[in-house]
Amino acid sequence: MRQLRAMLRHRASLVRLGTRLRDRIHAVVADFGYDRAGTYWTGPGRGWLAELDLPPVSREIVTDCLAVIDALAVTTGRLDGEVRAHAKADPRVKTLTALPGVGQFTALMMLAEIGDITRFPNARKLASWAGLTPTVRGSDLTVRHGHISKQGPAWLRWVLNQAAQTAKRSPEFAATYAVIAKRRGTKIATMAIARKLLTRAYHLLAAQAAPAPGAAAPPQTRRVTKPRASSLTRHEPASGRARSSD
């Protein structure tokens, strides 16, 4: 599990690096007033980037970023093959991919970060461990709920946030997201959907881990307690001869 978690985090870090490079290219061309409705990264988008009239240094930045993006695509493609192999071997992945916004990579990342689901007695404990519950500050008269605690594995929160970006537009969560976003803002609403995804994932995994009805319970080992040695002198006189009665 540790090696799987390391591989998934490595792939995620490469994806995040690619995202930062794309954002850099967007920022460079926007500085000179350029933009297009379509994507920058397919054939037409690459051709559009190549034809832009940019200063030499800005052109060099765009070219270098595109070169690194292309190199990352080769590596992430290889890692995607490993992800598919692990996903095929784990039936829990198919269970989690039933959730909106959750693909094979997201499901594996959740499983690798959470570990054994049975160590959490309920979904709230899991959400608290993942850092998705609000901090609470209170006094004798007031209780205030703050932002999420952000304790626990940051990679789990990241992958759930990525899944929530898609899930918040699904029929299951769109109405809830709209209500929270109007009242608290889009960022808080997105994290609320992330927590709902984690809650549903908990119930799915807990149900899958539960023993089948009628299955024999594992034998319980009883602790054998050795009897304490009885004291033979507990009721005897401490010392000396017995006092004779007159």
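The values are calculated or read from the model by the stated rules, or taken from the named source; none is laboratory data. As the structure is a computational prediction, the values presented were derived from the model and not from experiment. Note that we place each Cβ from the backbone using ideal geometry, even for glycine, and neighbour counts take in every protein chain shown.
When the residues of the range 24-49 are narrowed to those that are among the β-branched types (V, I, T) and either outside the structural domain of C65 (by TED's automatic domain parsing) or surrounded by 15 or more Cβ atoms within 10 Å (Cβ to Cβ) (or both), which ends up nearest to A67 (Cα to Cα)? Give the steps one after another, and end with the answer.
Taking the range 24-49 as the starting set, the residues that turn out to be among the β-branched types (V, I, T) are 25, 28-29, 39, 42.
Checking the rest, the ones that are also either outside the structural domain of C65 (by TED's automatic domain parsing) or surrounded by 15 or more Cβ atoms within 10 Å (Cβ to Cβ) (or both) come to 25, 28-29.
Working: I25: 12, V28: 16, V29: 17 Å.
The residue in question is I25.
Any idea how many residues of the range 151-206 are more than 21 Å from D116 (Cβ to Cβ) and assigned to a helix (DSSP H, G or I)?
29
Looking only at the range 200-221, which residues are surrounded by 10 or more Cβ atoms within 10 Å (Cβ to Cβ) and either at pLDDT below 65 or among the basic types (K, R) (or both)?
Within the range 200-221, the subset surrounded by 10 or more Cβ atoms within 10 Å (Cβ to Cβ) is 200-210.
Across the range 200-221, the qualifying residue is only R200.
In this structure, is R59 basic (K, R) and modelled with pLDDT under 95?
On the way: basic (K, R): yes; modelled with pLDDT under 95: no.
Judged against the criteria, R59 is not a match.
Considering only the range 79-128, how many residues are crowded, with 18+ Cβ neighbours inside 10 Å, without any contact (Cβ under 8 Å) to a residue 24 or more places away in the chain and either among the aromatic types (F, W, Y) or farther than 18 Å from W155 by Cα (or both)?
Matching residues across the range 79-128 total 1.
Residues that are modelled with pLDDT under 95, closer than 30 Å to V83 by Cα and in contact with a Leu (Cβ under 7 Å, 6 or more places away or on another chain): does the range 164-177 have at least one?
no
Examine the range 15-24 for a residue that is without any contact (Cβ under 8 Å) to a residue 60 or more places away in the chain, touching a Leu at 6+ places or on another chain (Cβ under 7 Å) and not basic (K, R), and state whether such a residue exists.
yes
Run down R36, R11, R24 and say which single residue is assigned to a loop (DSSP other than H, G, I, E, B) and among the basic types (K, R). Walk me through it before giving the result.
Numbers: R11 fails: assigned to a loop (DSSP other than H, G, I, E, B); R24 fails: assigned to a loop (DSSP other than H, G, I, E, B).
Result: R36 is the single residue among R36, R11, R24 that is assigned to a loop (DSSP other than H, G, I, E, B) and among the basic types (K, R).
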